[in-house]
Structures are given as structure tokens and as C-alpha cells.
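Novice: I have a structure here, written as C-alpha cells, and I will follow up with some questions on it.
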Amino acid sequence: MNPTLLQLKNVGKRFGDHVVLSEINLEIAKGEVVCVIGPSGSGKSTLLRCINFIAPPEEGEVIFEGRSWKRFHSALNFIANRKYEAQLPKLRAEIGMVFQHFNVFPHMSAIENVMLGLTKVRGKNRNEAREIAERSLRQVGLGDKLDQYPEKLSGGQKQRVAIARALALNPKVMLFDEVTSALDPELVTGILDEMRRLASDGMTMVVVTHEMNFAFQVATRIVFMDAGRIVTIGTPDEIRNTTEPRARAFLSSILG
Amino acid sequence: MASEQPFFDFAPIWQAKSLLIEGFGIAMFSAIAGIFFAILLGLVVAMMRLSRYRVLRAIAFIYTQLFRGVPLYVLVLWIYFGLVFAVGIDIPRIPSGIIALALLNSGYLSETFRSGILAVDKGQREAGEALGLRPWQVNRFIVLPQAGRIVVPPTGNQFVDAIKDSAILSIIGVPELMKIAQEQANMYYRPFEFYTVAGLLYLVAVILVSKGISRLERRLARFSREKIEASSDADKTVSEVGG
């Protein structure tokens, strides 16, 4: 087994009184592809968003490459919290994320979308950034769309821009948040193929998805969540043959 | 023999034309400078209102209420006459007028900017944060450019208002269009003619500015048509607006 890259330790998250995540423990090794499945509202996306603190967890900690990230509770820790927040961009720069609704920047062309992180986060000059961005966009098959604005692109192409934008920063792990859910059916396969390619290149990935075929083919492990908790974790074979009743019910409702 | 007075006589207008043009220039200058500073102040106040710090939010809220709630007439007099007596700050006429216009309009614009910033899809901020951009970079490169497009039309309206409002600066003797028109109307005893011309000059300025704004709006609209439908997934939840 490869060394652990990322670990969630007792992570909990609430919005007001509504507890969305509790006691999440998960260890992810380098090169693993972990797929997170479960009914909608089970906290899958929130779990993903806790990893890079887009939705900061109130409880527990995230350990990334041996460094612990967590926020303090008491108001007395005001300064400590500011300090930790000021450090967050460093963590996020190592973690790529792709969203359900693409979230490409509409006021920038495809290549500018990819260049932004390279120039502002990685400190590359414009020429270097352009070169890397171009290569990154070619890899996802958008070599002929470099100067197109998002409004001129299809959903699948926008999602490719988003993937290129994340990959250009050379992240150590990629988070995919239901990235095919907002796509027209005929475009889904293309994006899934892109993710397969990444997985076979050895990228560490955490994938929240409703695409069961993809999950069972590509994942090294599958996490089944329900009601804000991890119900069971296992290899695709283990999950397919699970005896855990909720996971069974979920899988039979989906796979028939 | 009393000489025959024509009912309408626009000849004095022609004689006073350089004064009127100068007054028009000062009116436009006051409005432009006023809006310029109002945009800067309004942006700062809008960011304060969206801050996570209660104190900043409270200060910004009071600021907005104050300058939206006080008539420009009072504000102008208060700055020009009031401040000298209260704290001995003697600000000349034109700067006083510009400050008054800037404060009043910044109150309105801060609200406009705030709603413009909130109108930018949350996913945009998240995508920026996920890249590892710092909060100010997310604002500078992602949120504000998009909010800017949204607020161009209402900011243009505010500019139009400022042009018309600049007439009020005549009460502290700023030699702008209205003040000149008043003086000349009294001198020639031709109020109808002078006020008509003054009114037309404001009207022309307002029409030209409106045209310019809608042209700008069309140019910016080209890349901002994309609307991302709101997320329907229950997993997606609000994250705080930084700043």
C-alpha cells in the first residue's frame, strides 16, 4: 500500500442545527481512486468540500501530507483562526476540484480560465502560464478552443475547461463533485473517459458520483454514505457483495 | 416712449454663452468627480457590508442609512457652512459640492454594489478559492469583474441623477450652470429663456450619458450571458461570503 496522502479524522459539519456530517474517518493513499456514493442529501458533496475547506468542518481535522488542518472553536482563538485561514490557499493549491456546475469564469476565455491559477497561485509569468495552459487544454481535447469564451462552449467543453484548469496546477489529489450530473447524457461518457485516463495515470482522486458503472470499474475503494455518516467502505467487490442493509437497499434500487 | 419688449428674447443667451458653457463645464465636472469618488467609497462600503466582522457591517450600515436619508440640500449646506463652525474645516465651494455629491451617491451605490456582488454565482467564489487564490484575489479577479457588469446600468442611472443633482450646488455659490442661469436671468430679466436653456443643457447631457452607458452595457454583455442554474442538490449549501 502506498503512503497515506490524505486523512479525515472525526470530521463533522453542521449548518445551524442541521448536522450534515458526523464522525467521518477516511484515509486515502497516494494513487487511490475513492468513489463516494449514497442517496442525495447524504452529505457526499459536503464531505468533498470539507477536504479543501470550501465548507470548513466544525469538528475534527484534515491531515494532508502529514500536516493537520483544523479550526479552533473558542473566540479566544480568533488570531489562531485567522492564521489558519491565511494558510488555507496553500492547502487548496495542492488539491484540484471540479464542480457539478462547472463554475468556469464566464468573463475569461478558456485559456485565461486555466492561466489564472498559474499566474496568481503558482507565480508563473504569462508566457510560461500560456504554454502550460495550452498543453493542459490540449490534453482534454480543447486545443482548438483556446480563445473561446464559455458562453460559446457546450456543457461538456466547459467541464473540460474546468478539469484543465484544475490539472494545470499539478495537484496532488483531484476532487470531483458530481461532475457529470449537469451534463447532457451524450456528453457524460467523454468526461468519464477523461477521468479514467487520469486514474490510470496514477492521479489520486476522490469522486462523488451517481455513475455506478464508473465507480465499480475505476474505484480502488467505494465509500457508501447515508445521513451524514460513512456507512461502509470497501473495494468494489466488497461493496457489491455487502450485507449492510442500507447499502444493499441503495444498490438494488439503483442497479435493479 | 417705452421701447417694445419682445415676448421671447434669446439674444441675451447668446451674449452670456461663454458663461453658460463654463457653468455647464463646472456642473459636469462636479458630477463626474462626485460619481468617481462615490464609486470608490461605495465599493469600500459595500465590501464592509459584506464583511464577516460585525463592527464593519454596522459602520457600513449606518453610513448607507445616513447618506441615503439626508437631503442633498442639507448635506451641501452642512459641509460648506456647518463644518467651518463646528470644527473649523473650511472647504472651498466646489470641493464641498463634490464631497456632498460623493457622499450621497456612495450611499446609494454601496447598496447597488452589494447586491451586484451577491448576484455573482456562489460557485464562482468557490472555484476561485479551490484554485488556491487568496480572498482578495478571488474578489479582484473573479467576483468584482462579474459584479461590475451587473452594476453598470444602475451606476449609470446614479451618474444621471448626479448630473441633475449638481444644480443644487448653486445654493453655496458654486458657479455651475444653475447658478449662472439664475444670475443671468436676473440681470437680463429673462428667467424663462435662461431656465429653458439651462434645462435643455441638462437634458442633452443626460441623454448623451444614457446613450454612452447603454453602449457600454452592450459591449460588456457579450461575454456575460452565461447563467448557471441554481444547484438543486441538497448537499450544496451556503458558504460564507468572505471579504
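Each reported figure results from applying straightforward, stated rules to the coordinates on display, with no laboratory input. Bear in mind that the values here come from a model prediction, so they are computed numbers and not experimental data. Counting neighbours? That spans all protein chains shown, and the Cβs are built from the backbone with ideal geometry, glycine included.
Novice: Give the lysines whose C-alpha is closer than 17 Å to that of B:Lys164, dropping any in the same chain fewer than 8 places away, or say none.
Specialist: Cross-link targets: B:Lys179, B:Lys211.
Novice: Obtain the nm distance between the two label points defined at A:Leu255 and B:Tyr189 by a simple spin-label model: each point lies 7 Å from its Cα along the Cα-to-C-beta direction.
Specialist: 10.3 nm
Novice: Moving on. Give the relative contact order (percent, whole number) for the range A:104-171; include only Cα pairs under 8 Å separated by 6+ residues.
Specialist: Reported relative contact order: 46 percent.
Novice: What nm distance separates the two modelled labels at A:Thr189 and B:Leu83, each placed 7 Å from Cα along Cα→Cβ?
Specialist: It is 7.1 nm.
Novice: Rounded, prolate or oblate: which fits the range B:25-130, taking a ≥ b ≥ c as square roots of the Cα gyration tensor eigenvalues, rounded meaning a/c under 1.5, else prolate when a/b beats b/c? Write out the running numbers ahead of the final one.
Specialist: On the way: a/c = 3.02, a/b = 1.95, b/c = 1.55.
Prolate.
Novice: Work out the length of the dipole vector of the range A:1-53 about its Cα centre, built from +1 on the beta-carbon of each Lys and Arg and -1 on the beta-carbon of each Asp and Glu, and round it to the nearest 20 debye.
Specialist: So the dipole magnitude of the range A:1-53 works out to roughly 120 debye.
Novice: Express the C-alpha Rg of chain A as a ratio against the empirical globular expectation 2.2 N^0.38 Å, rounded to two decimals.
Specialist: 1.03
Novice: Let me ask another. What FRET efficiency would be calculated for the residue pair A:Asp144, B:Phe8, taking the C-beta separation as r and a Förster radius of 60 Å, to the nearest 0.05?
Specialist: 0.30
Novice: Given R₀ = 51 Å, what would the calculated FRET efficiency be for B:Phe36 paired with A:Arg229, taking r from the Cβ atoms and rounding to 0.05?
Specialist: 0.40
Novice: Turning to a different aspect of this structure: With a Förster radius of 22 Å, plug the Cβ-Cβ distance of B:Val206 and B:Glu22 into 1/(1 + (r/R0)^6) and report the FRET value to the nearest 0.05.
Specialist: Plugging the Cβ-Cβ distance into 1/(1 + (r/R0)^6) gives 0.70.
Novice: Lysines near A:Lys145 by alpha-carbon distance under 23 Å, same-chain residues fewer than 8 away left out - which ones?
Specialist: A:Lys120, A:Lys124, A:Lys158, B:Lys227
Novice: For the pair A:Asn10 and B:Ser51, how long in nm is the line joining their label points, each one 7 Å along Cα→Cβ?
Specialist: With each label placed 7 Å out from Cα toward Cβ, I get 3.5 nm.
Novice: Expressed as a fraction of 2.2 N^0.38 Å, the rule-of-thumb size for a compact globular protein of N residues, what is the C-alpha radius of gyration of chain B?
Specialist: Working it through for chain B, the quotient is 1.29.
Novice: Under the Kirkwood approximation for Rh and a Cα-based Rg, what ratio Rg/Rh is obtained for the protein assembly as shown?
Specialist: 1.14
Novice: Taking the Cα atoms only, what angle lies between the long axis of helix B:144-165 and the longest principal axis of chain B, rounded to 10 degrees?
Specialist: Long axis of B:144-165 versus the principal axis of chain B: about 20 degrees.
Novice: Under the rule of -39500 (n - 2.57) per DSSP H run of 4 or more residues, summed and divided by the residues of chain A, what mean residue ellipticity at 222 nm is obtained, to the nearest 500 deg cm²/dmol? Could the numbers behind the result be given before it?
Specialist: Numbers: 9 runs with 101 residues, N = 256.
That comes out to -12000 deg cm²/dmol.
Novice: Kindly provide the pair-distance distribution of the range A:108-248 built from C-alpha pairs, with 10 Å bins from 0 and whole-percent values in order of increasing distance.
Specialist: Answer for the range A:108-248: a P(r) of 11, 36, 30, 16, 7, 0 percent.
Novice: Turning to a different aspect of this structure: Could you tell me which of B:Gly23, B:Phe7, B:Pro145 has its Cα farthest along the dipole of chain B towards the positive end, charges placed at Cβ (Lys, Arg +1; Asp, Glu -1), taken about the Cα centre?
Specialist: Farthest towards the positive end: B:Pro145.
Novice: Students often check this: by mean Cβ neighbours within 10 Å, which of A:83-94, A:3-14, A:49-60, B:208-219 ranks highest, and how do the rest follow?
Specialist: Output ranking for A:83-94, A:3-14, A:49-60, B:208-219: A:49-60, A:3-14, A:83-94, B:208-219.
Novice: Hey, which lysines would be in cross-link range of A:Lys9, C-alpha to C-alpha under 24 Å, not counting anything within fewer than 8 residues on its own chain?
Specialist: In chain and number order, the partners are A:Lys30, A:Lys44, A:Lys70, A:Lys83, A:Lys90, A:Lys172, B:Lys236.
Novice: Follow-up question, since we're still on this one. Roughly speaking, what is the centre-to-centre gap between the range A:1-41 and the range A:78-103 when only Cα atoms are used, to the nearest Å?
Specialist: The two parts, judged by their Cα centres, are 16 Å apart.
Novice: I'd like the distance between the alpha-carbon centres of the range B:179-218 and the range B:148-174, rounded to an integer number of Å.
Specialist: After rounding, the separation between the Cα centres reads 14 Å.
Novice: Specify which residue in the list A:Leu169, A:Gln148, A:Leu137 is farthest towards the positive end of the charge dipole of the range A:104-171, using unit charges on the beta carbon of Lys, Arg (+1) and Asp, Glu (-1), about the Cα centre.
Specialist: Of A:Leu169, A:Gln148, A:Leu137, it is A:Leu169.
Novice: While we're on this one: When the chain is fully extended, how far beyond the present Cα-Cα distance does B:Asn157 get from B:Leu220, taking 0.36 nm per residue of separation?
Specialist: Result: 21.0 nm gained on full extension.
Novice: Under the definition of Cα pairs under 8 Å and six or more residues apart, what whole-number percent is the relative contact order of the range B:17-221?
Specialist: Contact order relative to length: 29 percent.
Novice: Sticking with this one: Treating the beta-carbon of each Lys and Arg as +1 and of each Asp and Glu as -1, no other charges, what is the dipole magnitude of chain B about its Cα centre, to the nearest 20 debye?
Specialist: 740 debye
Novice: To continue, here is another question. By the scheme Lys and Arg +1, Asp and Glu -1, what is the net charge of all other residues having a beta-carbon under 14 Å from that of B:Ser210?
Specialist: +2
Novice: State the answer as a single residue: which of B:Ile35, A:Val33, A:Val19 lies farthest towards the positive end of the charge dipole of the protein assembly as shown, with beta carbon charges of +1 for Lys and Arg and -1 for Asp and Glu, about the Cα centre.
Specialist: Going by the Cα projections, it comes out as A:Val33.
Novice: Ok, one more. Let me spell out the model: positive unit charges on the Cβ of Lys and Arg, negative unit charges on the Cβ of Asp and Glu, origin at the Cα centre of the protein assembly as shown. What dipole size does that give, in debye rounded to 20?
Specialist: 800 debye
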